[in-house]
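As structure tokens, the structure follows; a few thoughts come after it.
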Amino acid sequence: MSEYKQFDEDFAYDNFSGGYAKHVSAMTGEKLHSKADIAWELAYRDYRIEQLERDLAELKAQPSTREVIEDVIVGARNYIKGVGSPEHLNYLQEHEYALRKYAQSLGGRG
């Protein structure tokens, strides 16, 4: 069954009609008149959508800038506590506030 047919007619018209007119115009302009031509175009678009979805999933799997900054702060604090002097710890604490503030300004994904 066609996917658009799962929606009622009013919903489809309100939400898809602009896209429908755009695609009819594009198919006419690109001389996509036969079912085979349209099928090839749709197959290519499906391929591109799958590529973009994979790319998006990879990006989402990467740590955000905020997470990296938090890891750096924790790692630096642990390093300084184990090896550094009190001056090093004070220096980190002064800059930690600025780094955390910056990380918060980046929001969720940063």
If the cut-off is a Cα-Cα distance under 29 Å, which lysines reach LYS22, setting aside same-chain residues fewer than 8 apart in sequence? LYS5, LYS31, LYS35
Lysines near LYS81 by alpha-carbon distance under 28 Å, same-chain residues fewer than 8 away left out - which ones? LYS101
For region 65-106, rounded, prolate or oblate, judged on the Cα gyration tensor with a ≥ b ≥ c (square roots of eigenvalues), a/c < 1.5 rounded, else prolate if a/b > b/c? oblate
Sequence order, region 31-43: Karplus ³J(HN,Hα) from phi using 6.51 cos²θ - 1.76 cosθ + 1.60, θ = phi - 60°, Hz rounded, Gly and Pro as x, gives 6, 9, 9, 8, 4, 5, 4, 5, 4, 5, 5, 5, 4
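Each reported figure results from applying straightforward, stated rules to the coordinates on display, with no laboratory input. No experiment lies behind these values; they were computed from the predicted model shown.
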